[in-house]
Structure formats: C-alpha cells, structure tokens
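All of the numbers you see were taken from the coordinates with simple rules; none came from a lab. Since the structure is predicted, the reported quantities are computational estimates derived from the model, not experimental observations. All Cβ positions, even for glycine, are placed from backbone atoms using ideal geometry, and neighbour counts span all protein chains on display.
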Amino acid sequence: MNYVSVQNNDSNTPLLYSYRRCPYAMRARMALIDSRINFDLYEISLKNKPHEMLSISPKGTVPVLKVGNKVIDESINIMIWAYENGNSSHYANHNADLIKIGLNLIKTNDNEFKLCLDQYKYAINHPMKTKGELRTACLFFIEILEERLKQQRYLLSDKVSFADIAIAPFIRQFANVDLEYFSSLKFIRVQIWLLAFTRSKLFINAMIKPT
C-alpha cells in the first residue's frame, strides 16, 4: 500500500481511491492488503474530490478501484476481486455454503443494520425517536453476530474470514458512538471479537495515516 498522487500512479498498479475513516473503504483496503496485492492508495478529501475519480465513478463515493481500464466502485466487489486475484485463504478456502452465509451476513450489515446505525449516529436528524430507541434498533444485528460467535471464534469459522473483514468496521463504528454503552452490553463475544479485530496487524496496517 503506497500513498500516491493520481499523477504518480503507475497505470499497471491498481489504484484505490479511499477515505481513511470510511468503513466501506476500510474493508476494501484490508482485502487488498490481506490478499498481498501491491496497490497505490489515493486518500481523497470529502470537500474536494478528485476529478479523476469522478470521471470514472460519477457517484462520487469511495472506495473506487481502478485496475487498468477496469473500474470497481462497490466495496464488496473490490474485496472479491482482491481475493480472486491475490493470495489469501480468507475467501477462496471456504466452501460454497459458508461463502453464502458470509455474503448474507454482509447483506444484512449493509442494508438493515447500516440504516439503523446511521439513524443512531445522527439521532438529531430523527427527533421522532429517542437516541436510546435508535440505539436499541441496532442490537438485532449485534445479537445475530453474538449467536454466530458462540459457535466459533470468528463469524464463519475459527479463523478470520472475508465476512469478519467486511463487517467489523461497521461494528467498530457502532461501538465508537458510545463506548461506555457498548462495553455495558451483554454481547461479550462480539466485544472480544471486535477488540481482537482492532488490535490485528491487518487493521492497524490498513489504518496507517497518510504522510
């Protein structure tokens, strides 16, 4: 992972447009690092998005991966591309049933849970409900993860998988809204899982600040 300007990107090296604190971009960076793919990283400014990125992905959201003439602008598709083209066991070594379970967990995370999470984070924009009510609405997914973690150390098995990498940044975001509340929850396994994730070499490397 090399921070570059757009002009310094070698066209033969994958270029990832990213934003350090975005959970979608986090999981894309981790998948590329995990797959041992050498890539250039352009850290965007949300207030001044580069014209080069907007020209290839007009929706203007990160992450966006440019590989030669190919453009991938959905984080899960970037992850799958990384695992199919790199060197990692966190996707390819799972059987079809586990991959399906993982993708379904990610779908729930990216849709129902993310909607609840955004409402909780920005409770001021939802005055019809209390912050406590909005917070409680998020717990259905934390409970799903807790039940899975009763069966094994990680979401799909006793080893880290693409599902853990895809989902953990969003649970971290939920926890960071109110760490004291998160720590008080009965979901001990999710708390241990998240702590292990945030202390992992993969996450630390993906979160290195640009210089």
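A quick yes/no check of all residues on (1) surrounded by fewer than 16 Cβ atoms within 10 Å (Cβ to Cβ); (2) closer than 24 Å to Thr198 by Cβ:
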| position | (1), (2) |
| --- | --- |
| Val64 | no, no |
| Gly68 | yes, no |
| Val71 | yes, no |
| Ile78 | no, yes |
| Gly86 | no, yes |
| Lys107 | yes, yes |
| Phe113 | no, yes |
| Arg135 | no, yes |
| Ile144 | no, yes |
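Six or more apart or on different chains, Cβ atoms under 6 Å: show the pairs whose first residue is in region 55-81 and farther than 20 Å from Asn109 by Cα and whose second is charged (D, E, K, R) and surrounded by fewer than 19 Cβ atoms within 10 Å (Cβ to Cβ). So the pair list comes out as Gly60/Lys49.
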